[in-house]
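To keep things clear, I will list the structure first and then write my remarks on it.
The values are calculated or read from the model by the stated rules, or taken from the named source; none is laboratory data. Quick caveat, the model's predicted, so the values are computed rather than measured. Neighbour counts run over all protein chains shown; Cβ positions are idealised from the backbone, glycine included. We work out accessible area using only protein heavy atoms, side chains counted, and drop any ligands, DNA or RNA first. Shrake-Rupley method; radii C 1.70, N 1.55, O 1.52, S 1.80 Å.
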Amino acid sequence: MSTGASEMELPVFLIVLMAAVLHASWNAFVKMNGDRFLFMAVMMAASAVVAFASAIFLPLPAPESWPYIATSVALHIGYPLFLLMAYKFGDLSHVYPLARGSAPLIVALVSVLYIGDVLSHQAVIAVLIMAFGIMSLSLTRGAQNLWNPWAVFFALGTGLFIAAYTLTDGIGARLAGSAHSYTAWMMGLEGIPFIAYVLMTRKSQALPQIARVWKTATLMGLMSLVAYWSVIWAMTVAPIALVAAVRETSIIFALLFGVFFLKERLSLMKLAATFMTLFGVVLLKINRS
């Protein structure tokens, strides 16, 4: 189900870029937290509460969108599980860029061939440049870990999950009649399994542990909600592939946050990957069909 648009208008582009910055911000807080799963579960629970509260004031999504909501919730549960398996066989700095960079390529291929989104030649080149720029971050500390076939398998599998939920949400939101209704219900339902798992597995320890992180996790949860809500809305007014590509620049913002705020070293390879990705962003924005 195509929007008919073949490019991103400037306001949409800026909103998705803002979403990428927010995505990088909350990911940085997750990275710094000792108990990442608990932190993310509380984040998702907070965003779920706000999403359900918003749903009260919104019309119900169209019936044909509910299978997409259910599928998206399942994919969002599978994604972190696959990512954790990738981390078991490879370092975060190697598998995560491979996962995030491969997703826009898969989204572009499927959205053009099966959904009917239209991309100009320049937009296709821009998506390719951005995707390979992001994936090249996997090489920033040498390629030895990428020789592990299981690391590559689970990293690319994670990329498939990202592409799958992106496409599912893009199509589902278009069918729902309202991107806002779709997002409210999808993100509301998404948070339930994670917090339920924490409560069941940690039992009496769950509430004291939640109490230690709930303020920061709630703030990050709201940030996450705004970020992905913006992305889903953008996919109803612009080609899914372009929105997905711009959103994945969050990994570049995360890299820059690390350099400027966490005093991480900026290698020549990281610098080249950053410029390559940003060049793709510029090329995409000046694209005209």
Check: For semi-axes √(5λ) of the Cα gyration tensor in Å, the choices are (1) 32, 22, 17; (2) 32, 28, 14; (3) 27, 26, 17; which was calculated from the structure?
Finding: (3)
Item checked: Mean separation of Cα contacts under 8 Å, 6 or more apart, over the residue count of the chain: relative contact order % -> 42 percent
Next item on the list: Keeping every protein chain in place, order 204, 102 by accessible area at 1.4 Å, biggest value first, i.e. largest first.
Entry: 204, 102
Margin query: How much accessible area per residue does the chain have, counting only protein heavy atoms and a probe of 1.4 Å, in square angstrom?
Written below: 45 Å²
Margin query: Run the simple label-point estimate for residue 201 and residue 56 please: 7 Å along Cα→C-beta, distance reported in nm.
Written below: 3.2 nm
Check: Just how much of residue 233 is accessible, in Å², when a 1.4 Å probe is used and the result is rounded to the nearest 10?
Finding: 80 Å²
Next item on the list: With a 1.4 Å probe and all protein chains in place, put 36, 265 in order of accessible area, largest first.
Entry: 265, 36
Margin query: Using protein chains only and a probe of 1.4 angstrom, how many square angstrom of residue 127 are accessible, to the nearest 10?
Written below: 0 Å²
Note to self: Can you sort 106, 286 by solvent-accessible area, 1.4 Å probe, largest first?
What the structure shows: 286, 106
Next item on the list: Subtracting the Cα-Cα distance from 0.36 nm times the residue separation, let me have the gained length for residue 77 to residue 219 in nm, one decimal.
Entry: 49.0 nm
Notebook entry, point to check: Rg and Dmax of the range 141-210, using alpha carbons, in Å: what are they?
Noted result: 18.1, 48
Notebook entry, point to check: Full extension from residue 128 to residue 35: what is 0.36 nm times the residue separation minus their Cα-Cα distance, to one decimal in nm?
Noted result: 30.0 nm
Item checked: Net dipole in debye of the chain [+1 Lys, Arg Cβ; -1 Asp, Glu Cβ; about Cα centre; nearest 20] -> 820 debye
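Provide Rg over Rh for the range 89-200; use the alpha carbon set for both Rg and the Kirkwood Rh (inverse mean inverse pair distance).
Reported Rg/Rh, Kirkwood definition of Rh: 1.06.
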Check: Using a simple spin-label model with points 7 Å from Cα along the Cα→Cβ vector, what separation in nm is obtained for residue 275 and residue 261?
Finding: 2.6 nm
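Just the number, please: carbon plus sulfur as a percent of the accessible area of the chain, 1.4 Å probe, no ligands or DNA/RNA counted.
Carbon-and-sulfur percentage of accessible area, whole number: 74.
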Next item on the list: Would you list the P(r) distribution for the range 1-151, with all Cα-Cα distances sorted into 10 Å bins from 0 and each bin expressed as a whole %?
Entry: 8, 26, 37, 24, 4, 0
Note to self: Restricted to Cα positions, what overall size does the range 140-289 have along the principal axes? Three whole-Å values, descending.
What the structure shows: 48, 42, 34
Check: Rounded to the nearest 10 Å², what accessible area does residue 199 show when all protein chains are kept and the probe is 1.4 Å?
Finding: 80 Å²
Margin query: Restricting to DSSP H runs of at least four residues, report the calculated mean residue ellipticity at 222 nm for the chain, -39500 (n - 2.57) per run over all residues, nearest 500 deg cm²/dmol.
Written below: -26000 deg cm²/dmol
